[in-house]
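This is the structure, below, for whatever I ask next.
Bear in mind these aren't lab numbers, they're just calculated from the coordinates by the rules spelled out. It should be emphasised that the depicted structure is a prediction, and the values quoted were computed from it without experimental measurement. As a convention, Cβ positions derive from the backbone with ideal geometry for all residues, glycine included, and neighbour counts pool all protein chains shown.
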Amino acid sequence: MALCATLLLATLLQGPLVGLLDAPTVRTGATVFVAICVQALPFLVLGTLLSGVLAAWVSPAVLRRVLPTRPALAVPVAGAAGLVLPGCECASVPVARRLIGQGVPEAAACAFLLAAPAINPVVLVATAVAFPDHPEMVGARLLGSAATAVGVGWLLTRVGRPGWIPARLRHPPPDDGTPRWAVFSETVRHDVVDAGGFLVLGGLAAAAFTVLVPRSWVDGLAGHVVLAVAVMALLAVLLALCSEADAFVAASLSALPLLPRLVFLVVGPAVDVKLVALQAGTFGRAFALRFAPLTFVVAVSCAVLAGLLVFGGTG
Amino acid sequence: MTRDTQHVLLVLVGGVLIKIVLDGSYLRYVRPWSATPVLVVGVVLVAVALVALVRDLRGRSPSTGDHGHDHHPEGRAGPAAWLLVLPVLALLLVVLPALGSGALAGFGARAAPTVATPADEPLPPGEAPALGLLDVVSRTSADPHGPVTEREITVTGFVAPSVATGAGGADGPDLARLVISCCAADASAVRLHLADPSGRLAGVVPGGAEGDRWVTIRGRVVAGTGTPADGHVPTLSVTAWWPIATPDPVYEY
């Protein structure tokens, strides 16, 4: 009913809405917004499909056998699992949520959440293609992102509190005789509805920043490495690019040294406005408000250290 | 949001994804390889919504990890789910155009990264072969006196105000195209300066409110341009041009 009313109202207001799009900035922002939705929805649904498979066919007992019992060991193992899942950040959120539902320790699920979009083969190949003159960028990105995932995971085993994630997320689907395919279908449907709206919210924010952030932010930063690192870390959060595309954007900012661009590549897949919205919707606001700043600080530190180590300087 | 509304909304989202692939408009937003994933996901969304609808009608209760959880009883979704209406409206009612010169104002103004090209890469055969702007810029970046400067070429783009910075006699506007590597959110610009030694460019001005002005231009790259000195924007000395409709796909990749 309410949906009908919304659609009817929008149809009636179509004229003024289209008129609003006459402004080039609004039109560009609207197109960027739709592009983010069209690009990210398939990855989100891929994540919910994996989540559905986990819910329907992978019992908590199986996961317990695969993962080490000690969280401190489970964190790097879960992080390494991210190496083989060719998804981007939108896909890993529903999967991590379902891992928690199937009894995986939160710290390990979060290590997977951070590792999967950052260090999978597709992203590493894209990075190599985007930086043909600097192959060391691939190793630096792998190192920085892996350190971020494991570092945040280990920190969570020390400082994490059970109350950060709602208890309802920790229960696998009840075995009430529902056929497995129906559990699968309902999990996919439910996860898309739950997360989709937040993905759209994140897409709105990212589109707005994409048209509003002036290029002058990155011009003239070349001589100021510390400032450049700060600006690029902030840009990674605001622009919320897919991890498959961010290397090309970093490559296009060729006036900057390698170190700030590496920070952009390590921070982006770990924390950005789209991801924070998705995580708030999936794991609850209490979790997202703590996880985002923690991840941001760890990611910037790991990226700077990895860069200094691999480039032997600011690059 | 009630379960029934969720089902209708998912059918709408899935349906709109299927529609933009079938009518080709998805190329305004993402790269060609996205056709299959977008189509498959559209079908999946419609399918899971229909499965849930049928099972609800037959009185089978939903079963997920959140079964009976506290704050959304009876399978209701939070208010954020309503935001899924936005992309549906944007794609169904307000058919959004592809990015064009409007994107050159913001972050999209930065130059696209060049692709690795051997300095002596020969041009395609034929008279005035058609090259992408990114290809031209990559070739001059590899060698500003290379094969690309030795023959006439044909290039396509929209007319944009000049950002001429260096030498090369760029007295005309720029020819620009947007390059996307994943979706339109990461678009960046690739440009050529247009030099007009024989006065043929009268009427080649940037498009106004009615939309971008797309042209195909024949000419020769001025040797020694497209270097760091001019911001990797080569100069093309124009010998002929003709207007064209917006190309499909509208971006370079």
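Within region A:143-157, whose backbone N sits under 20 Å from a point 7 Å along Cα→Cβ of A:V297?
Those under the cut-off are A:144-157.
Name all residues of region A:237-281 having a backbone nitrogen under 19 Å from the label point set 7 Å from the Cα of A:H224 along its Cα→Cβ direction, giving them as ranges.
It comes to A:237-238, A:253-264, nothing else.
Ok, one more. Amide H of B:R213: which non-local residues (sequence gap of 5 or more, or other chain) have their own amide H closer than 5 Å, using H built in the peptide plane?
B:V159, B:G207
Something else now. Using Cα atoms only, what is the angle between the long axis of helix B:35-57 and the major principal axis of chain B, expressed in degrees (0 to 90) to the nearest 10?
For B:35-57 against chain B, the angle is about 10 degrees.
Grab the beta carbon distance between A:A23 and A:V77, set R0 = 60 Å, and tell me the FRET efficiency rounded to 0.05.
Details: r = 51 Å, r/R0 = 0.85.
The calculated FRET efficiency here is 0.75.
Over chain A, what is the relative contact order in percent, taking alpha-carbon pairs closer than 8 angstrom and at least six residues apart?
22 percent
Something else about it: Take the alpha-carbon centre of region A:86-162, take the same for region B:24-39, and report the distance between them in whole Å.
The two parts, judged by their Cα centres, are 27 Å apart.
Would region B:112-247 count as rounded, prolate or oblate if I go by the C-alpha gyration tensor, calling it rounded below 1.5 in a/c and otherwise prolate when a/b exceeds b/c, oblate otherwise?
On the way: a/c = 1.40, a/b = 1.15, b/c = 1.22.
It comes out rounded by the Cα gyration axes.
Mind pulling the angle between the C-alpha long axis of helix B:3-22 and the longest principal axis of chain B? Nearest 10 degrees, somewhere in 0 to 90.
In chain B, helix B:3-22 runs at an angle near 30 degrees to the longest axis.
Okay, next question. Enter the mean number of other protein chain beta carbons within 10 Å of the beta carbon of each residue in A:200-211, as an integer.
Details: counts 10, 3, 1, 4, 3, 0, 1, 2, 0, 2, 8, 6.
Going residue by residue through A:200-211 and averaging, the value is 3.
Set the Förster distance to 22 Å, then compute FRET efficiency between A:A182 and B:L22 from the Cβ-Cβ distance, nearest 0.05.
Taking R0 as 22 Å, the efficiency between A:A182 and B:L22 is 0.15.
Scan chain A and note any complete DSSP helix (H) whose C-alpha atoms cover at least 24 Å along its axis and whose Kyte-Doolittle average is 0.0 or more. Could the numbers behind the result be given before it?
Values: long enough: A:24-57 (49 Å, 1.55); A:136-159 (34 Å, 1.00); A:180-212 (47 Å, 0.98); A:285-311 (38 Å, 1.93).
Helices passing the filter in chain A: A:24-57, A:136-159, A:180-212, A:285-311.
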